[in-house]
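Enquirer: Just dropping this structure here.
The values are calculated or read from the model by the stated rules, or taken from the named source; none is laboratory data. What you see is a predicted model; the values in this text were computed from it and never measured. Counting neighbours? That spans all protein chains shown, and the Cβs are built from the backbone with ideal geometry, glycine included. Accessible surface is based on the protein model in full, side chains and every heavy atom, while ligands, DNA and RNA are left aside. Shrake-Rupley method; radii C 1.70, N 1.55, O 1.52, S 1.80 Å.
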Amino acid sequence: MDLEDTRNLFTNLRENTDWNLDAPLLWGYFFVHSTAEPLQALATHLQAQGYVLVEMFEQEPEDGDAAFHVLHVERVEVHDETSLDKRNQELSALATQMGVEDYDGMDVGPAPTLQ
């Protein structure tokens, strides 16, 4: 996801949600590797930085592709187009540095409300 994609994401969120984009939202980040071990090391590293481990699972192959493992972490944060683009670049670089094959992008949703 480049800066233009990030701008399009924010435009889409403004047009199709009633979320306050200036408030904290729940940002999910995804990483992919052929084996689980590098993802486990990355999960430990990210948890030390305040990310919450959501899940790590093996994705079954489709159409003869090989199975792969997925790491999903989340953190409640405030982002604008520039800061999210920077975060995506940082996470992509971290994945490379830690020997993870792919930073697979992010998703976003409303932050959980405190009960």
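Enquirer: Taking all pairs of distinct Cα atoms, average 1/r, flip it, and tell me the Kirkwood hydrodynamic radius of the stretch 1-45 in Å to one decimal place.
Expert: 13.3
Enquirer: Around Ser83, what is the net charge, scoring Lys/Arg as +1 and Asp/Glu as -1 over all other residues with Cβ under 15 Å from its Cβ?
Expert: In short, -4.
Enquirer: Where the accessible area of the chain is counted over protein heavy atoms with a 1.4 Å probe, how much of it, in %, is carbon and sulfur?
Expert: With neighbouring chains kept in place, the figure for the chain is 48 percent.
Enquirer: What number comes out for the charge environment of Asn8, summing +1 per Lys or Arg and -1 per Asp or Glu over other residues with Cβ under 13 Å away?
Expert: It works out to a net charge of -4.
Enquirer: If you don't mind, there's one more thing I want to ask. Tell me what the chain gives for mean residue ellipticity at 222 nm when only DSSP H runs of n ≥ 4 count, each as -39,500 (n - 2.57), the sum divided by the residue total, rounded to 500 deg cm²/dmol.
Expert: Taken over the chain, the calculation gives -12000 deg cm²/dmol.
Enquirer: Okay, next question. Taking only the alpha carbons of the stretch 36-83, what extent do you get along each of the three principal axes, in Å, biggest first?
Expert: Principal extents (Cα only, largest first): 40, 25, 15 Å.
Enquirer: Can you compute log10 of I(q)/I(0) for the chain with the Debye formula, treating each Cα as one identical point scatterer, at q = 0.10, 0.19 Å⁻¹?
Expert: Values returned for q = 0.10, 0.19 Å⁻¹ are -0.32, -1.03.
Enquirer: Now for a separate question. Of the candidates Glu60, Glu90, Glu37, which one comes out as most mobile in a Gaussian network treatment of the chain with C-alpha springs shorter than 10 Å?
Expert: Among Glu60, Glu90, Glu37, the largest mean-square fluctuation in the Gaussian network model of the chain belongs to Glu60.
Enquirer: I would also like to ask the following. In a Gaussian network model over the chain where Cα atoms closer than 10 Å are linked, find which of Asp80, Asp104, Asp65 has the largest mean-square fluctuation.
Expert: Asp65
Enquirer: For the chain, set up a Gaussian network in which alpha carbons nearer than 10 Å are linked by springs, and say which option among His72, His45, His33 fluctuates the most.
Expert: Checking each option, the largest mean-square fluctuation is seen for His45.
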